[in-house]
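Have a look at the structure below, then the notes.
The values are calculated or read from the model by the stated rules, or taken from the named source; none is laboratory data. No experiment lies behind these values; they were computed from the predicted model shown. Glycine also receives a Cβ, built like all others from the backbone with ideal geometry; neighbour counts cover every protein chain displayed.
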Amino acid sequence: MTSPARILSDRSGAVLLEIALVLPLVLLLVLGVADIGRFIVIVQKIERTSVSLADLVGREAALSSETQDGVFAAARHILTPFELGTNGTVLVSVLRGQGSGTARIEWQGQSGAVGTSALGVSGTTIPIPAGLAMAEHDALIVAEVVYRHRFLFLPDLVAGEPIRKVGYARPRAADFKAG
């Protein structure tokens, strides 16, 4: 029979015990860092998508249904490998200056199922977004991308508001027609 002193001084399983205690923490740290990196990439893609869509619409002289389809297809392409589907929405609005710091939402288009425009609905008059200036009858294109991101690891622990990014562009054509 072994004595208690000998059992306490035996180190043969110490390394295995240390690995068993530390490995779950190291794995959680590595997976958490990978998830944060994925989050940073999706935020950058959403921002790039909003700016690119506003610019794409601004290049057109009029917003035809083909142009709208092309813009929303471009959004899906830019966001790859992340999918809009039920996780996101792309909204494009055309504002027309009304004078005295207001604009009317002249047209809106949407692709996706997560959320509505932060601006309001088509046909309403709104204050001009902060930091922007619009003369009466000027047009402004606003592209909003809303994406509901879920972390892969511990998704219920880190839940939050959908990510929303907005891009602005002025139409290049002087006689730009919406819708």
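How many of the residues making up the range 59-90 are in a helix (DSSP H, G or I) and crowded, with 20+ Cβ neighbours inside 10 Å?
Residues meeting the conditions: 3.
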Inset, instruction - Can you tell me which residue within the range 163-179, out of those that are at pLDDT 85 or above and part of a loop (DSSP other than H, G, I, E, B), is surrounded by the fewest Cβ atoms within 10 Å (Cβ to Cβ)? - result: R172
Inset, instruction - Would you confirm whether any residue within the range 97-105 is of a type in the set (V, I, T), surrounded by fewer than 17 Cβ atoms within 10 Å (Cβ to Cβ), free of Cβ contacts under 8 Å to residues at least 24 places away in the same chain and under 24 Å from E60 (Cα atoms)? - result: no
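Conditions (1) over 14 Å from the mean Cα position of the chain (by Cα); (2) not basic (K, R), marked per residue:
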| position | (1), (2) |
| --- | --- |
| L79 | no, yes |
| R96 | yes, no |
| S100 | yes, yes |
| Q110 | yes, yes |
| G115 | no, yes |
| V121 | yes, yes |
| I126 | yes, yes |
| D138 | yes, yes |
| I141 | yes, yes |
Inset, instruction - Check G109 against each of (1) free of Cβ contacts under 8 Å to residues at least 40 places away in the same chain; (2) crowded, with 18+ Cβ neighbours inside 10 Å; (3) not charged (D, E, K, R) and name the one condition it does not meet. - result: (1)
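Got a sec? Which of E106, E18, E47 is out of contact with any Asp or Glu (no Cβ under 9 Å at 6 or more places or on another chain), over 25 Å from A169 (Cβ atoms) and of a type in the set (D, E)?
Numbers: E106 fails: over 25 Å from A169 (Cβ atoms); E47 fails: over 25 Å from A169 (Cβ atoms).
Matching residue, one of E106, E18, E47: E18.
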Legend entry - Residues being part of a strand (DSSP E or B) and at positive phi - total across the range 91-136: 2
Legend entry - Breaking point among (1) more than 19 Å from R148 (Cα to Cα); (2) without any contact (Cβ under 8 Å) to a residue 60 or more places away in the chain, for R48: (1)
Inset, instruction - Being touching a helix residue (DSSP H, G or I) at 6+ places or on another chain (Cβ under 7 Å) and closer than 29 Å to G32 by Cβ is the filter; apply it to the range 112-154 and report the residue that is surrounded by the most Cβ atoms within 10 Å (Cβ to Cβ). - result: V145
